[in-house]
1. Would you mind checking the radius of gyration and Dmax of region B:103-253 based on alpha-carbon positions, in Å?
2. I'd like the mean, over residues of B:354-361, of how many other protein chain beta carbons sit within 10 Å of each residue's own Cβ.
3. What full-extension length gain, to one decimal in nm, is calculated for B:ASP6 and B:THR344 as 0.36 nm per residue of separation minus the Cα-Cα distance?
4. Hey, how much of the P(r) for region B:49-91 falls beyond 17 Å, as a percent of Cα pairs?
5. Does a label point 7 Å from the Cα of B:ASP32, set along Cα-to-beta-carbon, have any residues of region B:302-346 with amide nitrogen under 15 Å, and which are they?
6. At a Förster distance of 35 Å, what's the computed FRET efficiency of B:THR219 paired with B:HIS405, Cβ-Cβ distance as r, to 0.05?
7. Using only Cα atoms, what is the ratio of the radius of gyration of the protein assembly as shown to 2.2 N^0.38 Å?
8. Please label the shape of region B:208-251 as rounded, prolate or oblate, based on the square roots a ≥ b ≥ c of the eigenvalues of the alpha-carbon gyration tensor (a/c under 1.5 means rounded; beyond that, a/b larger than b/c means prolate, else oblate).
Amino acid sequence: MKIHIDEDRCVGGGQCVLAAPEVFDQRDDDGIVVLLQEQPADDLDHQVREAALLCPALAITLEETAP
Amino acid sequence: MLHTGDAPAYPMPRDAARCPFDPPAELAEIRDTDGIRRVQIWDGSRPWLVTRHADIRAVLSHPAISADIDNEGYPHQSAAIRARRSRAKTFFTADGVEEHDEPRRVLAREFTAKRMQSLREVIQGVTDRAIDEMLAGEKPADLVEKLALPVPTVMICDLLGAPDVDHARVQDLTKVFVAASSTPADTTAAAEELLDLIGGLLDEKAQAPGDDLLSRLATEQLVPGLRTREELSRMGLLLLTAGHETSANMIALGTAALLTNPDQLALIRDAEDPAVAAGAVEELLRYLTIVHSGLRRVAIEDLEVAGTTIRRGEGVILALGPGNRDAAAFADGEHAGPDSLDITRPARHHLAFGFGVHQCLGQQLARVELQVVFSTLFRRIPTLALAQPLTDVPFKTDMSIYGAHELLVTW
Ligand code: HEM
Ligand code: SF4
């Protein structure tokens, strides 16, 4: 799975960081999302999907990649 | 129910005979039938009420929906709230990059998930001191005054860099903001006083900055002329008021809910794993949904919701309470039904903080405050009990944010 983020949409509430702290962080100067890994290991799938579902600004999209 | 044509009056009163934590039954009825209905509000206008979890999410993130109070048709909560919001308009009630996203980003870095988690020990200290004082005082004690209000008030004032402001005065003025009985003149006067206070602090900090939020606004925004003193004062006012009243109501109501669900309380009290308290807080936010008078929006283009066309210029109210009890989102067959409190339920997708670009900016602060308070209170006072029957607790049915005016406890 490949993650895309749209920084322009992000409102910096940190839902993604709570859901998947190994994959998402927030910038110190404006709270905007930082992607720590674009293609995280499969065992983080569940967390990443939850982050995308919880993101209030619909700033996280997931692209399924071939297994 | 008071019917005005086909549009019931909103907000509906909570049913005194039912559980005080349950939203009015009429709301569940709308959710489980049409999902959407026109309601009549205080000024005679008839906005749409949206009640289902999926529809609320869709509306709050829809480009045809505006949060700008200056748009024709915006369904205000009352004349007093309209007056206050117009006097102190901020990004909270505006749309777009310049009017919402950019000013919000100026504050967002102050409330990031990691930054708030790093405050855990500070919040623990504030909580422990409040509990020490309550224990040293008389029984029964009012938990609202002794614990629920002090913890978030101290925290938001410290973050702003205003530890010495008169906390009681700030709490009183904020109470005026959320009381349904306030007049427009009352709320505007309260707003003026708080704006003056924050403006004064900004001036002081421009001269002698410290390591706090208002100092950063003063040195990085005010002094270089990026934003005016008025705009920055309004942003400070929003944080000060949104930052204590809400968390305080969650602490008081959450304590009442746990004391009436002792099996759930025991799970939190006895847990070693901090994930238990974290999950419990999400479930309490869902179950209690203190923002109970509906989020307010207006359509700026036509849109389709639950098979109904909402026309441009029509008001829309998002009823978070029934949305957070929607079986389509919260019944999974493994946990208790959505009308019950089950702290083991995965509830993070609740709408208690809203959804869309206006979703609560202070949510990570609120989470840590609530996690610390609920994982500390019942351990420190295992015998804590309500000092009055639940039905005698003066619940805030008269306020735009639900809670308890007073919660007498003993131990
Ligand atoms: C349990 C406690 C809290 C609850 C239930 C809560 C609930 C909410 C809700 C439902 C909204 C969205 C309103 C809308 O879309 O119209 C919101 C927005 C907001 N909240 Fe909270 N809140 C809480 C605590 C806090 C705290 C502690 C702060 C400040 C430090 C805060 C600051 C804000 C701000 C600034 C906004 C406006 C965000 C925007 O418009 O972009 N809240 N809150
Ligand atoms: S959840 Fe979405 S809006 Fe919030 S910080 Fe993450 S990407 Fe940004």
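The values are calculated or read from the model by the stated rules, or taken from the named source; none is laboratory data. Because the structure is predicted, anything quoted here is derived from the model rather than measured. Here the Cβ positions follow ideal geometry from the backbone for every residue, glycine too, while neighbour counts run over all protein chains shown. Surface areas here come from the heavy atoms of the whole protein model, side chains and all, with no ligands, DNA or RNA. Shrake-Rupley method; radii C 1.70, N 1.55, O 1.52, S 1.80 Å.
1. Answer for region B:103-253, Rg first and Dmax second: 16.2, 53 Å.
2. 5
3. 117.7 nm
4. Of the Cα pairs, 44 percent sit more than 17 Å apart.
5. What the label zone holds, given the 15 Å backbone N cut-off, is B:322-331, B:337-340.
6. Once rounded, the FRET efficiency stands at 0.30.
7. 0.94
8. Oblate is the answer for region B:208-251, as a/c is 1.5 or above yet b/c matches or exceeds a/b.
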